[in-house]
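Have a look at the structure below, then the notes.
The values are calculated or read from the model by the stated rules, or taken from the named source; none is laboratory data. Just so it is clear, the structure is predicted and the values come from calculations on it, not from any experiment. Neighbour counts run over all protein chains shown; Cβ positions are idealised from the backbone, glycine included. For accessibility, only protein heavy atoms count, side chains too; no ligands or nucleic acids. Shrake-Rupley method; radii C 1.70, N 1.55, O 1.52, S 1.80 Å.
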Amino acid sequence: MTAILGAGLSGLSAGYYLLRKGLPTPTVIYEASSRIGGWIRTERFDGEGYVFEAGPRTIRPKGPAARNTLDLIEEVGLGEHVHPIFSNHVAARNRMIYAKGRLNMLPSDLSGVVKTVPPFTKPLFFAGFKDLFGGKSKEKLDDEAMYSFVERRFGKEIADYAISSMLCGICAGDAKQISVKFLMKSLFEVEQKHGGVVKGMLLEALGKKDKDSSKQVPLEGLAKRAKSENWSIYSIQGGLQTLPNRLKSVLDEGQVDVRTDVKCEEIEFKGNKVELRVDGEERTLDRLISSIPSYKLAKYLAKQHPILAQELAAIPFVDVGVINLRFKNPDLLKQKAFGFLVPPIEKLPILGCIFDSCCFDMEDNTVLTVMMGGAWFRQWFGENPSEEQLLEVALKHVNQILNINQKPDSYKVNILRRCIPQYVVGHQKRVDGIKQYIRDHKLPLGLCGASYDGVGVNDVILSARVSVDEVVGANKN
């Protein structure tokens, strides 16, 4: 028997990949809360023509992990329900940052690289020259903060305004703490090898020029369509919650038992088996896959494997306030765009704002999502802010930045505690050590979810597939 802890997107995906394996023993998924989907939370208002998303709302279609997601979506029968945003859509072309007291449109083509675009004080191509003539780092580095790497290679302005704000949007994190390997691992590696990013990329490209490209697997199905139609991002009709809901339906049909409101009480490894106690019920398992946050798993392993638990608990997480706002007026936004981000150098309590009604049809509504806090949550709001406090801050900055001074016709305040892991400097080394410990001790334990190998939708789905392959393969040996 196989058990999965957590019925978020990664846990449900793990259940799906186990189902595809056709194992002779049953699978059960245990979820502590009353709902499935994890941080994906869509609230639909069909009669009014809009949705609120408390968590992720779009998925990127490019790259191996993205292709895996598109394959899964097609396999579970949602291929015809995908809602793409094409590269020529206003939400794909227009992305802004709020800096120096104004909204600034980020460059979307080469013309923006050769001229000075606020908030930058010189053309962006100068950053490339800085890297070309910057030379090697003083000593070989195993890891580095993303801010430090970008400032060293491309200059302080790029680090302050481009990279720092980007991380606010991706993981609500501080670029001065987040590892460069989180988003720029390949750039960091070529820089360390060749002494510069641009130089390294050129040399690497020349080295690959004559290599046989026939080994590349041709795109098929939804992945092929995404490329041919030039999707920028996409969602699922009815909101992203549609995906975990469909996975749950597929699992139900395959007789995978998904149980909610279940409390995990104890995990103990005995030889090549796992003893799991949930709600007072003892279960003997062939394997256990954990998709719950690392700090939660750590509590169950502390007694038997304190070293492993210590490393799992050391992965930091941040709180994020997400405030959904809906106005019964479709014409409130003067600038159509995906939204804007706010770099930390501006010292504002909000991380950014998504223009949901620019991305998707919300009928006669303007719908916005304001994100706040993250790595700076306690600095701005203390330990236990009220929903009224966060709403007031959100409305104040919507008024100040977007000049929308009317009260919303509906809203939702979400305080998401410890929702996004922070891949600080040394994270990859820590995760490698965690996985090596599991292998060395031959624990029938698989890990997936956002705590380890990526925080995006594509990342957690792929992590589920990899975890299933590893734990089932190890169990056979």
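Checking Ala175, Ala159 one by one, the residue that is hydrophobic (A, V, I, L, M, F, W, C), at pLDDT 95 or above, open to solvent by less than 50 Å² (accessible area, probe 1.4 Å) and not in a helix (DSSP H, G or I) is Ala175 and no other. The set of residues in region 345-362 that are open to solvent by less than 30 Å² (accessible area, probe 1.4 Å) and either free of Cβ contacts under 8 Å to residues at least 60 places away in the same chain or closer than 14 Å to Gln379 by Cβ (or both) comprises Pro349, Ile350, Leu351, Cys353. Scanning region 400-412 for residues that are without any contact (Cβ under 8 Å) to a residue 12 or more places away in the chain and either open to solvent by less than 40 Å² (accessible area, probe 1.4 Å) or in contact with a His (Cβ under 8 Å, 6 or more places away or on another chain) (or both) turns up nothing. Candidates are the residues of region 322-344 that are outside any strand (DSSP E or B), modelled with pLDDT of 95 or more and within 30 Å of Lys156 (Cα to Cα); the one that is most open to solvent (accessible area, probe 1.4 Å) is Lys336. Do we have any residue at all in region 211-232 that's more than 30 Å from Gly79 (Cβ to Cβ), open to solvent by 30 Å² or more (accessible area, probe 1.4 Å) and of a type outside the set (Ser, Thr, Tyr)? Yes, region 211-232 contains at least one residue that is more than 30 Å from Gly79 (Cβ to Cβ), open to solvent by 30 Å² or more (accessible area, probe 1.4 Å) and of a type outside the set (Ser, Thr, Tyr). Of all the residues in region 419-442, those that are open to solvent by less than 30 Å² (accessible area, probe 1.4 Å) and touching a helix residue (DSSP H, G or I) at 6+ places or on another chain (Cβ under 8 Å) number 6. You will find that of Ile461, Ile415, the residue that is touching a residue at least 12 places away in the same chain (Cβ under 8 Å), open to solvent by less than 10 Å² (accessible area, probe 1.4 Å) and within 20 Å of the chain's Cα centre (by Cα) is Ile461 and no other. When the residues of region 240-281 are filtered to those that are among the hydrophobic types (A, V, I, L, M, F, W, C) and assigned to a helix (DSSP H, G or I), the one that is surrounded by the fewest Cβ atoms within 10 Å (Cβ to Cβ) is Val250. Looking across region 18-29, the residues that are under 19 Å from Ile461 (Cβ atoms) and open to solvent by 10 Å² or more (accessible area, probe 1.4 Å) come down to Leu19, Arg20, Lys21, Thr27.
Looking only at region 134-152, residues that are surrounded by fewer than 24 Cβ atoms within 10 Å (Cβ to Cβ), over 21 Å from the mean Cα position of the chain (by Cα), part of a helix (DSSP H, G or I) and touching a residue at least 12 places away in the same chain (Cβ under 8 Å) come to 2 in all.
Considering region 110-128, and only residues there that are β-branched (Val, Ile, Thr) and in a loop (DSSP other than H, G, I, E, B), the residue that is surrounded by the most Cβ atoms within 10 Å (Cβ to Cβ) turns out to be Val117.
What are the pairs with Cβ atoms under 8 angstrom where one residue, in region 66-94, is under 10 Å from Leu222 (Cβ atoms) and the other, located anywhere, is among the hydroxyl-bearing types (Ser, Thr, Tyr) and part of a helix (DSSP H, G or I)? Sequence gap at least six, or different chains. From residues that are under 10 Å from Leu222 (Cβ atoms), the pairs are Leu72/Ser13; Leu72/Tyr16; Leu78/Thr242. Would you confirm whether any residue within region 186-194 is closer than 19 Å to Ser451 by Cα, buried (at least 18 other Cβ atoms within 10 Å of the Cβ), touching a residue at least 40 places away in the same chain (Cβ under 8 Å) and under 25 Å from the mean Cα position of the chain (by Cα)? Checked against the condition, which is being closer than 19 Å to Ser451 by Cα, buried (at least 18 other Cβ atoms within 10 Å of the Cβ), touching a residue at least 40 places away in the same chain (Cβ under 8 Å) and under 25 Å from the mean Cα position of the chain (by Cα), region 186-194 yields no hits at all. Within region 282-309, the set of residues being open to solvent by 70 Å² or more (accessible area, probe 1.4 Å), over 30 Å from Leu351 (Cβ atoms) and not in a loop (DSSP other than H, G, I, E, B) comprises Glu282, Thr284, Pro306, Ile307.
Out of all the residues in region 91-104, is one or more open to solvent by 10 Å² or more (accessible area, probe 1.4 Å), aromatic (Phe, Trp, Tyr), within 24 Å of Cys171 (Cβ to Cβ) and not in a strand (DSSP E or B)? No - not one qualifying residue is present in region 91-104.
Test Asp131 against the stated conditions and say whether it is at pLDDT below 95, surrounded by 19 or more Cβ atoms within 10 Å (Cβ to Cβ) and of a type in the set (D, E, K, R). Judged against the criteria, Asp131 is a match.
Selection of region 1-50 for residues being among the charged types (D, E, K, R) and either in contact with a strand residue (DSSP E or B) (Cβ under 6 Å, 6 or more places away or on another chain) or in contact (Cβ under 8 Å) with a residue 24 or more places away in the chain (or both) yields Lys21, Glu31, Arg35, Arg41, Glu43, Arg44, Glu48. Just so you know, in region 44-64 the residues that are of a type outside the set (Lys, Arg) and in contact with a Gly (Cβ under 7 Å, 6 or more places away or on another chain) include one that is least open to solvent (accessible area, probe 1.4 Å), and it is Glu53.
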